[in-house]
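Enquirer: Let me give you the structure first, and then I'll get to my questions.
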Amino acid sequence: MQIIKTLSELSELCRSFHQAQQSICLVPTMGYYHAGHEDLMQYGRTLADKLVVSLFVNPTQFGPAEDLENYPKDHERDSRIAESHGCDVLFLPDAADMYTADHATWVEVPKMTKILCGLSRPIHFRGVCTVVLKLFNLTQADYAVFGEKDWQQQAILKKMVEDLNVPVTIKTRATVREADGLALSSRNVYLTAEERKQAPAIYAGLCAARTLVKKGERNAKKIKDLVLQKWAVDIPLGRLDYLNIVDPYNLENVEYLEQDALMACAVRLGKARLIDNILLPACGTQA
Ligand code: PAF
């Protein structure tokens, strides 16, 4: 595995892969790997000849009061994990190289970024889109892999790729969970023991919504109310950021489920802000 720090080396190397008729899969990450990242890498490895993993805690996607400074880091362990999954290139750029002092261009998808997580993180997706487009341009990746835990992120990136004709195919992977249902996240380390005990109830609430839909309920408010009632009992330490039922592709709110829909949420538990989602099979097509 080559560890590369400069942008020019990355683009030169990726150009040489393409010249040798080798396809490239990019897995963009912010590090502190868990089994969810490992799944993205393992899958990415099967998609292309060369697997490029970027590890960059992107400052422009963090708001002023967010956890940029404290974001967990362990580059040595991360390098070993990436290598063990057949990563060919680990890209570890410096923030000052990714964003020069006169950086002035931003990628925005306003309709999809000002809702759900975008309500409490107004600049987040602008930073994500900008850094991911830079990574796409540097690598000219044929494929890129993202996790479905960040459902809004992957939906926005797919729209960006479609609208800007970026020649990359985005693939997604199902959320990897702890045995008790909690979605894996690098930020789970922020949870205290008591918060950790309550956290699995987030996904349990979403599963209860899915069961209700399977039984025939189609009214979004009734489905959300059930989840909120359960959470009020099971997550007394939690503070709701949002719980919405939306179209899985354009993320617009759904009042009555005529098609399969997505229930997405963010719940604050102590220092952690946990996001999760579940598909609601209103057409009976989801397992
Ligand atoms: O999902 C993440 O870890 C980040 O948002 C990403 C896609 C690596 C961009 O910084």
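Computed from the coordinates by the stated procedures, all read-outs in this text should not be read as laboratory data. This one's a predicted model, so the numbers in the text were calculated from it and none came from an experiment. With ideal geometry, Cβ positions are generated from the backbone for all residues, glycine too; neighbour counts draw on all protein chains shown.
Enquirer: Under the 0.36 nm per residue contour assumption, what length would be gained going from the current alpha-carbon distance of V189 and C283 to full extension?
Expert: Stretched fully, the V189-C283 segment lengthens by 30.1 nm.
Enquirer: Using per-residue counts of other Cβ atoms within 10 Å, averaged over each peptide, order 189-197, 255-263 from highest down. The partial results should precede the final answer.
Expert: Details: 189-197: 14.8, 255-263: 16.9.
The densest-packed peptide leads the list: 255-263, 189-197.
Enquirer: If you take the beta carbon distance between Q22 and L164 as r and set R0 to 22 Å, what does 1/(1 + (r/R0)^6) give as a FRET efficiency, to the nearest 0.05?
Expert: On the way: r = 25 Å, r/R0 = 1.12.
After rounding, the FRET efficiency stands at 0.35.
Enquirer: How big is the dipole moment of the range 188-287 about its Cα centre under a simple scheme where the beta carbon of each Lys and Arg is +1, that of each Asp and Glu is -1, and everything else is neutral? Debye, nearest 20, please.
Expert: 340 debye
Enquirer: Now a separate question. For the chain, what proportion of DSSP beta bridges, expressed in % and rounded to the nearest 5, is antiparallel?
Expert: 50 percent
Enquirer: I'd like to know which of A201, N219, L269 lies farthest towards the positive end of the charge dipole of the chain, counting +1 on Cβ of Lys and Arg and -1 on Cβ of Asp and Glu.
Expert: The listed residue farthest towards the positive side: N219.
Enquirer: Just how far, in whole angstrom, is the range 141-175 from the range 27-92 if you go by their alpha carbon centroids?
Expert: 16 Å
Enquirer: Per-residue HN-Hα couplings for the range 35-45, Karplus 6.51 cos²θ - 1.76 cosθ + 1.60 at θ = phi - 60°, whole Hz, x for Gly and Pro?
Expert: 4, x, 4, 4, 5, 4, 5, 4, 5, x, 4
Enquirer: Note the full-extension length gain between H75 and T105 as 0.36 nm times their separation in residues minus their Cα-Cα distance, in nm to one decimal. All intermediate terms of the calculation are to be shown ahead of the outcome.
Expert: Values: separation 30, 0.36 × 30 = 10.80 nm, distance 2.88 nm.
Result for the pair: 7.9 nm of gain on full extension.
Enquirer: Which is farthest toward the positive dipole end of the chain among L164, Q2, V233, measuring Cα position about the Cα centre, with Cβ charges +1 (Lys, Arg) and -1 (Asp, Glu)?
Expert: Among L164, Q2, V233, the one farthest towards the positive end of the dipole of the chain is V233.
Enquirer: Something else now. Please report, in whole Å³, the volume per residue of the convex hull around the C-alpha atoms of the chain. Mind showing how you got there, number by number?
Expert: Numbers: hull volume 38.4 nm³, N = 287.
It is 134 Å³ per residue.
Enquirer: Also: How many lysine pairs does the range 189-270 hold where the Cα atoms are under 19 Å apart and the two sit 8 or more places apart or on different chains?
Expert: Details: K197/K230; K214/K222; K214/K224; K214/K230; K215/K224; K215/K230; K221/K230; K222/K230.
Pairs that pass both the separation and distance tests number 8.
Enquirer: Obtain the nm distance between the two label points defined at E258 and I3 by a simple spin-label model: each point lies 7 Å from its Cα along the Cα-to-C-beta direction.
Expert: 5.5 nm
Enquirer: Restricting attention to the range 1-88, which trypsin sites (Lys or Arg not before Pro) occupy a DSSP loop and are surrounded by at most 13 other Cβ atoms within 10 Å? Intermediate results must be reported in sequence, preceding the final value.
Expert: On the way: sites: K5, R15, R45, K50, K73, R77, R80; in loops: K5, K73.
Hits after loop and neighbour filter: K5.
Enquirer: Then there's this: What ³J(HN,Hα) values, in whole Hz, does the Karplus curve 6.51 cos²θ - 1.76 cosθ + 1.60 give for the range 107-112 when θ = phi - 60°, with x put for Gly and Pro?
Expert: Going residue by residue, I get 9, 10, 10, x, 4, 8 Hz, with x marking Gly and Pro.
Enquirer: Here is a follow-up. Only counting other Cβ atoms within 10 Å, I'd like F17, F62, F91 sorted with the fewest neighbours first.
Expert: Values: F17 21, F62 17, F91 26.
If I rank by nearby Cβ atoms, fewest first, I get F62, F17, F91.
Enquirer: Charges at C-beta only: +1 for Lys and Arg, -1 for Asp and Glu. How large is the resulting dipole of the chain about its Cα centre, in Debye rounded to 20? Before the final figure, lay out the partial values.
Expert: On the way: 33 positive and 36 negative charges, 165 e Å.
Magnitude of the dipole: close to 800 debye.
Enquirer: Points 7 angstrom from Cα along the Cβ direction at E66 and A232: gap in nanometres?
Expert: 3.1 nm
Enquirer: Amide H neighbours of L280 under 5 Å, at least 5 residues apart or on other chains, H built in the peptide plane: list them.
Expert: Answer set, sorted by chain and number: A261, L262, M263.
Enquirer: Full-extension gain between L240 and N219, please, as 0.36 nm times their residue separation minus the C-alpha to C-alpha distance. Can you show the working numbers first?
Expert: Values: separation 21, 0.36 × 21 = 7.56 nm, distance 2.06 nm.
Contour length minus the Cα-Cα distance gives 5.5 nm.
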